[in-house]
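Chemist: Pasting a structure below so you can have a look.
Each value in this text was obtained by applying a stated rule to the coordinates, not by laboratory testing. Bear in mind the structure is a predicted one, so any value in this text is a computation, not a measurement. Cβ placement follows ideal geometry from the backbone for every residue including glycine, while neighbour counts extend to all protein chains displayed.
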Amino acid sequence: MRLRRTTASRLALLTGGALTVALGAVPAAPAAANPAGPHDPIGAVSSIKTAPGGVSALAVTGWAADPDALTTNATVFAVVDGVRRVATAVTSIANATVTTKYHTGPTPGFTMTVPVDATAAHTVCIVAGNQGSGLSTLLKCVPTPLGTTLTSAQRAKHNPVGAIQHVGVSRTAFRMAGWSSDPDYVARHATVVLYVDGESVATVITHTYPTTPRPAGAGAGSAFDITVPVSTGMHIGCIWVVNVGMGTNNTLLGCRARDTRGATGTGTITVPKLNTQVVTEAKRHIGQPYVWGATGPTSFDCSGLVMYSYGRFAYVTPRVSEAQALAARLIPASRAVPGDLVFYHDSIGDVFHVGIYLSPGKSVAAIDESQGVDYQTIWDPSSVTYGSFTHT
């Protein structure tokens, strides 16, 4: 059993460099769901055409303004292939509609010529430069030649990239550090969100990368280092990065589990007697039905089978899978022995299922309504964390 959250409550929408995270292993929401933050520039590109007289430039028109300096002319620039800033313009054209709607100065419009070979394959992004405490806004990105339609796979290559470089834990805190940049504008600082145990606990803007050379694809301001308080026990942290530009989704850099109670053991493990008893008891119920909320003796949900099997031998466990994960000691797969626990988590670190470990790749669990209590293959290792009540 888990404390089932509704779909609405599981979706975490963070505006100001927004991030929407979907259920399970589904990627986060597409860029269109990521509106500008309250201090980020606003604007729109109304036209991108091949410039008159040839194919060596694009003619761009639109408007832009910064919420922190609405009546001041804004700076707009073009970035080619994520790294080359090739043209700059300052808003200087009247646009009464924009002025009235957004209370800008009288000349929020702009026109700009972008020098780029429009017959070759490039990415051209028009950016409104930030003047206050926000982040520069990608108003529009297009591939050249104009009219090119990218496949889903090609668009996915525009999603943020990065890596988790350090994960640490103390008795009271959880830390994740690394880097991330967006290929459509590598120099832009990124919005990074840390989830711990299925909850959004920190949203940060990347800062200056501390060393050189930087990793391939990393911008100068691509570093993140997040520390949050946690309770005693095992915790699962996941890092998501907000997409801007032409990508299809926000990016999951990965999830990592750590235990505040210290490192795992290193010696040989003798299978505890309790574990052997638990395995025998759990197998005895194979074929019985899965019923959500049931704790035995003739029907079970996943955590109910764990609680009942351990409880038969006077070992009291928490009721739900999330609490069982917090109470268990984190162990690597290499130290799991029959009777230990296999916790399944989603892409924001929420534990949603538990089974009783039997051998590499195999467990016994109350699976679901269609399968009941049965042997279960341990799927995708990246979504699994191992724990033990009896050893480290």
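Chemist: Rounded to the nearest 20 Debye, what is the dipole magnitude of segment 42-149 about its Cα centre when Lys and Arg each give +1 and Asp and Glu each give -1 at the C-beta? The partial results should precede the final answer.
Modeler: On the way: 5 positive and 4 negative charges, 25 e Å.
Around 120 debye, computed over segment 42-149.
Chemist: Can you work out the Karplus-derived ³J(HN,Hα) for every residue in segment 252-258? Use 6.51 cos²θ - 1.76 cosθ + 1.60 with θ = phi - 60°, whole Hz, and x for glycine or proline.
Modeler: Result, rounded to whole Hz: 8, 7, x, 10, 9, 10, 9.
Chemist: Another one. How much FRET efficiency would the formula 1/(1 + (r/R0)^6) give for Val228 and Asp368, where r is the Cβ-Cβ distance and R0 is 30 Å, rounded to 0.05?
Modeler: On the way: r = 33 Å, r/R0 = 1.10.
It comes out at approximately 0.35.
Chemist: Build a GNM of the chain with springs between Cα atoms under 10 Å: which of Ala121, Ala51, Ala314 gets the top mean-square fluctuation?
Modeler: Of Ala121, Ala51, Ala314, the Gaussian network model singles out Ala314 as fluctuating most.
Chemist: With only Lys, Arg, Asp and Glu charged, each at its Cβ (+1 for the first two, -1 for the last two), find how big the charge dipole of segment 218-358 is about the Cα centre; round to the nearest 20 debye. It would help to have the intermediate numbers written out before the result.
Modeler: Details: 10 positive and 8 negative charges, 97 e Å.
In total the dipole reaches around 460 debye.
Chemist: Over the Cα atoms of segment 273-388, what is the Rg over Rh ratio if Rh follows Kirkwood?
Modeler: Working: Rg = 12.5 Å, Rh = 13.6 Å.
Rounded to two decimals, Rg over Rh is 0.92.
Chemist: Between segment 169-212 and segment 43-80, how many Å separate their Cα centres?
Modeler: 30
Chemist: Moving on to the next point. Work out the FRET efficiency for Leu150 and Ala333 from their Cβ-Cβ distance, taking R0 = 45 Å, and round it to the nearest 0.05. Working shown, then result.
Modeler: Values: r = 39 Å, r/R0 = 0.86.
For Leu150 and Ala333, the calculated efficiency is 0.70.
Chemist: Oh, and also: Farthest toward the dipole's positive end in segment 273-388, which of Tyr344, Phe300, Thr280, given Cβ charges of +1 (Lys, Arg) and -1 (Asp, Glu) about the Cα centre?
Modeler: So the residue furthest toward the plus end is Thr280.
Chemist: Then there is this: What do you get for chymotrypsin sites (Phe, Trp or Tyr not before Pro) in segment 291-392 restricted to DSSP loop and a cutoff of at most 14 other Cβ within 10 Å of the site's Cβ? Let's see the in-between values first.
Modeler: Details: sites: Trp292, Phe300, Tyr308, Tyr310, Phe313, Tyr315, Phe343, Tyr344, Phe352, Tyr357, Tyr375, Trp379, Tyr386, Phe389; in loops: Trp292, Phe313, Tyr315, Trp379, Phe389.
For chymotrypsin sites (Phe, Trp or Tyr not before Pro) across segment 291-392 that sit outside H, G, I, E and B with at most 14 neighbouring Cβ atoms in 10 Å, the list reads Phe313, Tyr315, Trp379.
Chemist: Still on this structure, please answer the following. Just tell me which lysines come within less than 28 Å, Cα to Cα, of Lys49; anything on the same chain fewer than 8 places away is out.
Modeler: Lys101, Lys140, Lys157
Chemist: Under the 0.36 nm per residue contour assumption, what length would be gained going from the current alpha-carbon distance of Arg284 and Lys49 to full extension? Intermediate results must be reported in sequence, preceding the final value.
Modeler: On the way: separation 235, 0.36 × 235 = 84.60 nm, distance 7.11 nm.
Gain on extension, Arg284 to Lys49, equals 77.5 nm.
Chemist: About the Cα centre of the chain, how large is the charge dipole given +1 on each Lys and Arg Cβ and -1 on each Asp and Glu Cβ? Please answer in debye to the nearest 20. Intermediate values should be presented prior to the final figure.
Modeler: Details: 26 positive and 21 negative charges, 104 e Å.
With only Lys, Arg, Asp and Glu charged at Cβ, the dipole is about 500 debye.
Chemist: Pop out the ³J(HN,Hα) list for segment 104-117 in order, Karplus 6.51 cos²θ - 1.76 cosθ + 1.60 with θ = phi - 60°, rounded to Hz; leave Gly and Pro as x.
Modeler: 7, x, x, 10, x, x, 8, 9, 8, 9, 9, x, 7, 6
Chemist: Quick one: which residues, 5 or more positions from Ala202 or on another chain, have an amide H under 5 Å from its amide H? H modelled 1.01 Å from N in the peptide plane, none for Pro or chain starts.
Modeler: Leu194
Chemist: Spelling out what I want: for every residue of segment 142-154, take phi, set θ = phi - 60°, compute 6.51 cos²θ - 1.76 cosθ + 1.60 (Karplus), and round to whole Hz; glycine and proline get x.
Modeler: These are the phi-based 3J(HN,Hα) values: 9, x, 10, x, 4, x, 5, 9, 7, 6, 4, 5, 5 Hz.
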